[in-house]
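A.B. asks: I am attaching a structure below and will ask some questions about it afterwards.
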Amino acid sequence: MGLTVWTIVIGTTAAAACSLVGCYLVLRRLSLLGDAISHAVLPGLVAAFLITGRVGGWPAVLGALIVGVLTSVLADIVHRRTGVPEDAGLGVVFTSLFALGVVLLGLADGTDLDPGCVLYGLIELAPLDTAPVFGLEVPRTLLTLVPVLLITIGLFVLFWKEVQLTAFDPAHAVAAGIHAGLIHHAVLALTAGVIVASFEAVGSILVVAMLVVPPVTAGLITRRLHHLMPMAVFFATTAATGGTLLATWWNTSVAGMMAVVAGVQLGCLLAVSSVILGERQSRGERGVSPGR
Amino acid sequence: MVPPVLEVDDLNTTYQRRVVLDAIDLSVDGPALVAIVGPNGAGKSTFLKSILGLVPCTGSVRVLGQPIDSVRRRIGYVPQRESVDWDFPVSVGDVALMGTYGRLGWFRRPGAAERRVAQECLSRVGLDGLEDRQIGRLSGGQQQRTFLARALAQQADVYFMDEPMAGVDASTQAVIFDLLDELRDAGKTVFVVHHDLRTVASRFDRVVMLNRRLIAAGPMAEVFTTENLQQTYDSQFVTLDEAIACSATTR
Amino acid sequence: MLRYNTLIVLLGVGLLGAAAGPIGALAVLRRRALVGDALAHATLPGLCLAFLIIGERSMPALLLGALASGLLGVTVLALLSRYTRIKEDAAIAIVLSVFFGAGLVLSRWIQNHTTTGSKAGLDSYILGKTAGLLLDDVLLLAGLAVLVLVVLLALYKEFQLLIFDRDFARVQGWPVARLDLLLLGLIAVLVVIGLPAVGVILVASLLILPAVAARMWTDRLHRLLVLSGLIGALTGVVGAALSASLPRAPAGAVIVLVAMAFFVVSAVARRLLWG
Ligand SMILES: Nc1ncnc2c1ncn2[C@@H]1O[C@H](COP(=O)(O)OP(=O)(O)O)[C@@H](O)[C@H]1O
Ligand SMILES: [Mg+2]
């Protein structure tokens, strides 16, 4: 298979996994926690590299599970124990962890860990590093990405009822006997795992685009979780495919282009929906009396 | 002829296409203590905010016979306690001083005169000696009194207070009622969103009964009736005493 | 002895920290900490476009481009939260990632398609290159610090009221929307001027960390502003000095870690001293 095809396979797999967990994050208004985790896993990635000598892979994914929960727990501690506002508490934790990662990255300089790859993703090069699977040379990244995607889908199917309840109404979920805190932290751990598995494709910053933008776009069309998730996956995978093709054509950053295409999708849908809803909305908005 | 203190004509407020206040017409003469009552979510806070121009609305509002923007110096406001961040790094004295900022205008810093006013207002609400305390380290009643002191420092003619007696103890409530009486005796008009129906009839001159629409408004003796209460509170009870008892237990 | 270059860098980063501290304190109190982060990421496309148009490295032009696209980013953010049902947290993440993505597309395109687009030029804005500060930059930073000082002295009471109780400020007749815009403008200018030293990804933390560290020591706003300026300056100087001896680690990241250390020490000290 051609390199571009493999690039698209990697990109769509990562995008699908990200957008699935992203649906939960967006509904629970945790988008920024997703952003924070994506920054915060950097030191874990670099540490895993320094120890195992490999970029990504299962050790990094497992390490990320811990970092994911740790970010939210630390931010919570900073917020509660010091009275710093919640958003600033999150900012304190993830910028510090990210800076730590960057410094570690600088110290690892000279080895074959490329800062550009970790920060912005070098999906262009991912297909070159292959491993044989049943006689077919498959990009090594997929060996983590595909299982992570399957696990994500499996967990959501298995715990569908719980996820649905906690996503829309955590208070009611608790009343119904569901351990909302447990689900919450499990999803955060999953988010971190997905982020790390995907970072090679989209990098540790742009992974946010895949986490948040497709679910928001899908949310303009539907408010029901079992419609939202497939639709978000649709937008995510098309953005990944379109982004890869455009970037290859113009010879520029694939990860960046994926984010841009996802943004364009959102913009188009917003325009369409505002034309459809515009009538009703303007009736509600019009208002401040001329006397004021 | 003295214009009414508050004149509201066809006031409508919607939040995200939901009508919260529906065609309110109202005229109130002062000086008076005016209670605004209604169940939770009736739109009482929204009513105050609409009058003060804090939320978009349609219709006309005149305070002291003029549009609100021309009389802002003469208006005092006590917001609901939940509306601010009590971790904010200001002291009780700082908050009281904020009442004088409107008169000071751009760039001028509060001086000795303003500090004296703020100090005086703090003693009127019984917060002497607490001026350097961070506002988060106060009890609920003290926080409420800090807001009152700030409103007093505005030296206004018309006051709008949103549940100044929510979650305060009996002694704070007594302090606040005495203060309200003082204000009325000094010729001011005070609108108070009030939850406790037991004290409405005895402590206020006029009442505005609100539940999305204006149910009734006027002098206490004429308007504060079982029938109107039933309408305001969606007829959960049959007598005035029962209504009052009910309001006491649900608080 | 300190060499001239080192002195310039220390002075520059110190001034940057001194200005970032108090503005950051207001930003944090106004719950704008992460908006600053989105704004910083959103500067990248403007930076690249300015580079494409001007053709060579000219700092004022680059920074103007960065300012324009950063402000465009927060405008989009405001429009999204106001006119759509998209929640603010999602809107922040959207602006941050899509603008940053566009910036990466442009910067990679410049690298691959132009001869002048030397890799070092734009990359240094992503993670910051403190050692590259020149005397002109320091003068710019000094000007900024003075501007911050003047605005804060003139509008201290207005900002205090605006941030503490917006509704009350409006009842008193203050133009809260315009004051808010001014504060946002200050945040934007600060983020942009901090780019050369700390970089797009980490500059927002220069707003957050000194401010929250200073908050551990005082409960009064005027002291908070002064103290966060001091901590910011100290952070800059110590961080820049430290990064001079760690040439392989990006200076911006070292500065942020120093700021974090100040915060941790302050938080622990507060608990020990006041329980
Ligand atoms: N900012 C807002 N956005 C949307 N709905 C609101 C907002 N503020 C209040 N509401 C709704 O408007 C109604 C009236 O609220 P409010 O004026 O606070 O009632 P009250 O003060 O009488 O308890 C409530 O149903 C409330 O849910
Ligand atoms: Mg209310």
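A.B. asks: Can you tell me which aspartates and glutamates have their Cα less than 15 Å from the Cα of C:Lys129? Leave out same-chain residues fewer than eight positions away.
C.D. replies: C:Asp137
A.B. asks: Please build a GNM for chain C, connecting alpha carbons under 10 Å apart, and tell me which residue among C:Ile201, C:Ile163, C:Ile126 fluctuates the most.
C.D. replies: For chain C, modelled as a Gaussian network with Cα springs under 10 Å, the answer is C:Ile163.
A.B. asks: What is the distance in Å between the Cα centres of region C:153-202 and region C:210-275?
C.D. replies: For region C:153-202 versus region C:210-275, the Cα centre distance is 22 Å.
A.B. asks: At 0.36 nm per residue, and after removing the present C-alpha to C-alpha distance, how many nm does the segment from A:Ala171 to A:Glu137 gain when stretched out fully?
C.D. replies: 7.3 nm
A.B. asks: Would you work out if chain B is rounded, prolate or oblate? Take a ≥ b ≥ c from the square roots of the eigenvalues of the alpha-carbon gyration tensor; rounded if a/c is under 1.5, else prolate when a/b is larger than b/c, oblate otherwise.
C.D. replies: Prolate.
A.B. asks: Which residue, A:Cys268, A:Thr130, A:Leu104, has the largest displacement toward the positive end of the dipole of chain A when charges sit on each Cβ (Lys, Arg +1; Asp, Glu -1)?
C.D. replies: A:Cys268
A.B. asks: Which value at 222 nm does chain C reach when only helices count, each DSSP H run of 4 or more adding -39,500 (n - 2.57), with the total divided by all residues and rounded to the nearest 500 deg cm²/dmol?
C.D. replies: Estimated from H runs of four or more residues: -28500 deg cm²/dmol.
A.B. asks: Counting only protein heavy atoms and rolling a 1.4 Å probe, how much accessible area do C and A lose on contact, total for both sides, in Å² to 100?
C.D. replies: By this definition, chains C and A bury close to 4500 Å².
A.B. asks: I've got another one for you. If you count, for every residue in C:201-214, the Cβ atoms of partner chains within 10 Å of its Cβ, what is the mean?
C.D. replies: 4
A.B. asks: Residues of C:252-263, mean number of Cβ from any other protein chain within 10 Å of their own Cβ, rounded to a whole number?
C.D. replies: Mean partner-chain Cβ count within 10 Å for C:252-263: 4.
A.B. asks: For the protein assembly as shown, compute Rg over Rh where Rg is the Cα radius of gyration and Rh is the Kirkwood radius from the inverse mean 1/r over Cα pairs.
C.D. replies: Rounded to two decimals, Rg/Rh equals 1.01.
A.B. asks: Still on this structure, please answer the following. Just for the Cα atoms in region B:1-103, what are the lengths along the principal axes, largest first, rounded to whole Å?
C.D. replies: Between the extreme Cα coordinates on each principal axis of region B:1-103 lie 41, 38, 23 Å.
A.B. asks: While we're on this one: Just to be sure I understand: of the beta bridges DSSP finds with both ends in the protein assembly as shown, what percent are antiparallel, rounded to 5?
C.D. replies: Rounded to the nearest five, the antiparallel share is 60 percent.
A.B. asks: Next question, about the same structure. Considering the convex hull of the alpha carbon atoms of chain C, report its projected area averaged over all viewing directions, in nm², one decimal.
C.D. replies: The number I arrive at for chain C is 16.0 nm².
A.B. asks: Rounded to the nearest 500 deg cm²/dmol, what is the calculated helix-only ellipticity per residue at 222 nm for chain A, with -39500 (n - 2.57) per DSSP H run of length n ≥ 4?
C.D. replies: -27500 deg cm²/dmol
A.B. asks: How big is the dipole moment of region B:6-250 about its Cα centre under a simple scheme where the beta carbon of each Lys and Arg is +1, that of each Asp and Glu is -1, and everything else is neutral? Debye, nearest 20, please.
C.D. replies: 840
A.B. asks: Just to confirm a number: summing +1 for Lys and Arg and -1 for Asp and Glu over residues other than A:Val207 whose beta-carbon lies under 15 angstrom from that of A:Val207, what do you get?
C.D. replies: In short, -2.
A.B. asks: On average, how much accessible surface per residue is there in region A:41-103, in Å², for a 1.4 Å probe, leaving out ligands, DNA and RNA?
C.D. replies: Averaged over the residues of region A:41-103, the accessible area is 38 Å².
A.B. asks: Can you return the aspartates and glutamates within cross-link range of A:Lys161? Criterion is Cα-Cα under 16 Å, with same-chain partners fewer than 8 residues away left out.
C.D. replies: A:Asp169
A.B. asks: Evaluate the distance, in nm, between pseudo-label points positioned 7 Å from the Cα of B:Ser27 and of B:Asn12 along their respective Cα→Cβ axes.
C.D. replies: Result for the modelled spin labels: 2.3 nm.
A.B. asks: Sequence gap at least 6, Cα distance under 8 Å: using those rules, report the relative contact order of region A:158-247 to the nearest whole percent.
C.D. replies: Relative contact order here is 16 percent.
A.B. asks: Follow-up question, since we're still on this one. Over both sides of the A-B contact, add up the buried accessible area with a 1.4 Å probe and give it to the nearest 100 Å².
C.D. replies: Buried surface at the A/B interface: approximately 800 Å².
A.B. asks: Would you work out which of C:Gly12, A:Ala17, C:Gln160 lies farthest towards the positive end of the dipole of the protein assembly as shown? Charges go on Cβ: Lys and Arg +1, Asp and Glu -1.
C.D. replies: C:Gly12
A.B. asks: Right, something else. Considering the options C:Val264, C:Leu135, C:Ile193, tell which one lies farthest towards the positive end of the dipole of region C:4-274, charges being +1 on Lys and Arg and -1 on Asp and Glu at the Cβ, about the Cα centre.
C.D. replies: C:Val264
A.B. asks: Per residue, how much accessible area does chain C show when a 1.4 Å probe rolls over the protein heavy atoms, in square angstrom?
C.D. replies: Counting only protein heavy atoms, the per-residue value for chain C is 37 Å².
A.B. asks: Scanning chain C for helices, which whole DSSP H stretches are 27 Å or more long along the axis (Cα) and average 0.0 or more by Kyte-Doolittle?
C.D. replies: C:4-29, C:33-54, C:59-83, C:88-113, C:135-164, C:176-198, C:221-244, C:251-274
A.B. asks: Give me the percent of the accessible area of the protein assembly as shown that comes from carbon and sulfur atoms, probe 1.4 Å, all protein chains in place.
C.D. replies: Summing carbon and sulfur atoms, their accessible area is 62 percent of the total for the protein assembly as shown.
A.B. asks: Could you run the Debye sum over the Cα atoms of chain A, one equal point scatterer each and no solvent, and tell me log10 of I(q)/I(0) at q = 0.10, 0.13, 0.15, 0.16 Å⁻¹, two decimals?
C.D. replies: Here the Debye-derived log intensity ratios amount to -0.55, -0.90, -1.16, -1.28.
A.B. asks: If you rank A:Met229, C:Met260 by how much accessible surface each has, with a 1.4 Å probe, what is the order from largest down?
C.D. replies: Highest to lowest solvent-accessible surface, that is C:Met260, A:Met229.
A.B. asks: While we're here: Suppose every K and R has +1 on its Cβ and every D and E has -1 on its Cβ; what is the size of the dipole of region C:140-208 about the Cα centre, in Debye to the nearest 20?
C.D. replies: 60
A.B. asks: Continuing with the same structure: Averaged across orientations, what area in nm² does the convex hull of the alpha carbons in region A:133-292 project?
C.D. replies: About 14.6 nm², averaged over all directions.
A.B. asks: On to the next question. Which of these, A:Val146, A:Val174, A:Val212, has the largest mean-square fluctuation under a Gaussian network model of chain A (Cα springs below 10 Å)?
C.D. replies: A:Val174
A.B. asks: A further question on this structure: Please list, or write none, the lysines whose alpha carbon is within less than 24 Å of the alpha carbon of B:Lys49, excluding same-chain residues fewer than 8 places away.
C.D. replies: Answer for B:Lys49, where 24 Å is the Cα cut-off: B:Lys188, C:Lys87, C:Lys157, listed by chain and number.
A.B. asks: If you count only protein heavy atoms with a 1.4 Å probe, what accessible area per residue comes out for chain B, rounded to a whole Å²?
C.D. replies: I get 42 Å² per residue for this part.
A.B. asks: Residues of region A:217-254 losing 30 Å² or more of accessible surface, assembly versus chain alone, probe 1.4 Å, please list them.
C.D. replies: Listed by number, the residues meeting the 30 Å² cut-off are A:Leu220, A:Arg223, A:Trp250, A:Asn251, A:Thr252, A:Ser253.
A.B. asks: Okay, moving on. How would you classify region B:84-224 from its alpha-carbon gyration tensor, with a ≥ b ≥ c the square roots of the eigenvalues: rounded for a/c under 1.5, else prolate if a/b is greater than b/c, otherwise oblate?
C.D. replies: prolate
A.B. asks: Another question, if that's okay. Mind checking the dipole of chain C: about its Cα centre, +1 per Lys or Arg Cβ, -1 per Asp or Glu Cβ, Debye to the nearest 20?
C.D. replies: Taking the Cα centre of chain C as origin, the dipole is about 440 debye.
A.B. asks: Could you tell me how many degrees, from 0 to 90 and to the nearest 10, lie between the Cα long axis of helix A:225-250 and the main elongation axis, the longest principal axis, of the Cα atoms of chain A?
C.D. replies: Long axis of A:225-250 versus the principal axis of chain A: about 50 degrees.
A.B. asks: List the relative contact order of region C:4-274 as a percent without decimals, with contacts defined as Cα pairs under 8 Å and 6+ residues apart.
C.D. replies: About 34 percent, as a whole number.
A.B. asks: Determine the sum of side-chain charges near C:Ala93: Lys and Arg each +1, Asp and Glu each -1, restricted to other residues whose C-beta is under 14 angstrom from that of C:Ala93.
C.D. replies: -2
A.B. asks: Moving to a separate point now. Given the -39500 (n - 2.57) contribution per DSSP H run of 4+ residues, what per-residue ellipticity at 222 nm results for chain B, rounded to the nearest 500 deg cm²/dmol?
C.D. replies: -10500 deg cm²/dmol
A.B. asks: Separate question: Give me the summed buried accessible area for the C-B pair, 1.4 Å probe, to the nearest 100 Å².
C.D. replies: Its buried surface, counting both partners, is about 2900 Å².
A.B. asks: For region B:142-214, what are Rg and Dmax over the alpha carbons, in angstrom?
C.D. replies: 12.2, 34
A.B. asks: May I ask you to derive the relative contact order of chain B, considering only C-alpha pairs under 8 Å and at least 6 residues apart, and to give it as an integer percent?
C.D. replies: 25
The values are calculated or read from the model by the stated rules, or taken from the named source; none is laboratory data. Computed from a predicted structure; not experimentally measured. A quick note on method: Cβ atoms are made from the backbone with ideal geometry, for glycine too, and the neighbour counts reach across all protein chains shown. Just the protein is used for accessible areas: all its heavy atoms, side chains included, with ligands, DNA and RNA removed. Shrake-Rupley method; radii C 1.70, N 1.55, O 1.52, S 1.80 Å.
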